[in-house]
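What follows is one structure encoded as structure tokens, with my remarks underneath.
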Amino acid sequence: MAYTLAAPVVHEETIQKSRFIAKAAPVASEEEALAFLEAQREPQATHNCYAYKLGNLYRFFDDGEPTGTAGKPILHAIEAQGLDRVVVLVVRYFGGIKLGAGGLVRAYG
């Protein structure tokens, strides 16, 4: 059985001097997911990576991070928690230390 979030949520964490801000919300349609992403993205950030899942419809985006190191781990985290009808945006402010592919996957996941 799939669950969704009861309300929007924000979580912030610093990893190797990079600031990661995860913003998540329940959504009922792709239009709502896209509107959330547009409203919550931070243009001054280094990266605005996201994933959303609505039943069989899902999308993810790495926004300049190496392919498969941001959007896909976010989507995997959504699925691993059994969530549906949810959008997650992770904003990253680069702190000067490269995390490598494995570090990025762990950080975004």
Six or more apart or on different chains, Cβ under 6 Å: which pairs go from a residue in region 86-109 that's surrounded by fewer than 18 Cβ atoms within 10 Å (Cβ to Cβ) to one that's of a type in the set (K, R) and part of a strand (DSSP E or B)? Could you list them?
Y93/R19
Would you point out which residue out of P73, P26, P43 is without any contact (Cβ under 8 Å) to a residue 40 or more places away in the chain and either of a type in the set (A, V, I, L, M) or open to solvent by 40 Å² or more (accessible area, probe 1.4 Å) (or both)?
P43
List every residue pair whose Cβ atoms lie under 6 Å apart, where the two residues are 6 or more positions apart in sequence or sit on different chains, the first residue falls within region 54-70 and is without any contact (Cβ under 8 Å) to a residue 40 or more places away in the chain, and the second residue, located anywhere, is in a loop (DSSP other than H, G, I, E, B) and open to solvent by 30 Å² or more (accessible area, probe 1.4 Å).
L54/R85
Whichever residue in region 47-63 is open to solvent by 70 Å² or more (accessible area, probe 1.4 Å) and either more than 18 Å from R106 (Cβ to Cβ) or not hydrophobic (A, V, I, L, M, F, W, C) (or both) and, among such residues, is nearest to the chain's Cα centre (by Cα)
F61
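The values are calculated or read from the model by the stated rules, or taken from the named source; none is laboratory data. Bear in mind the structure is a predicted one, so any value in this text is a computation, not a measurement. A quick note on method: Cβ atoms are made from the backbone with ideal geometry, for glycine too, and the neighbour counts reach across all protein chains shown. For accessibility, only protein heavy atoms count, side chains too; no ligands or nucleic acids. Shrake-Rupley method; radii C 1.70, N 1.55, O 1.52, S 1.80 Å.
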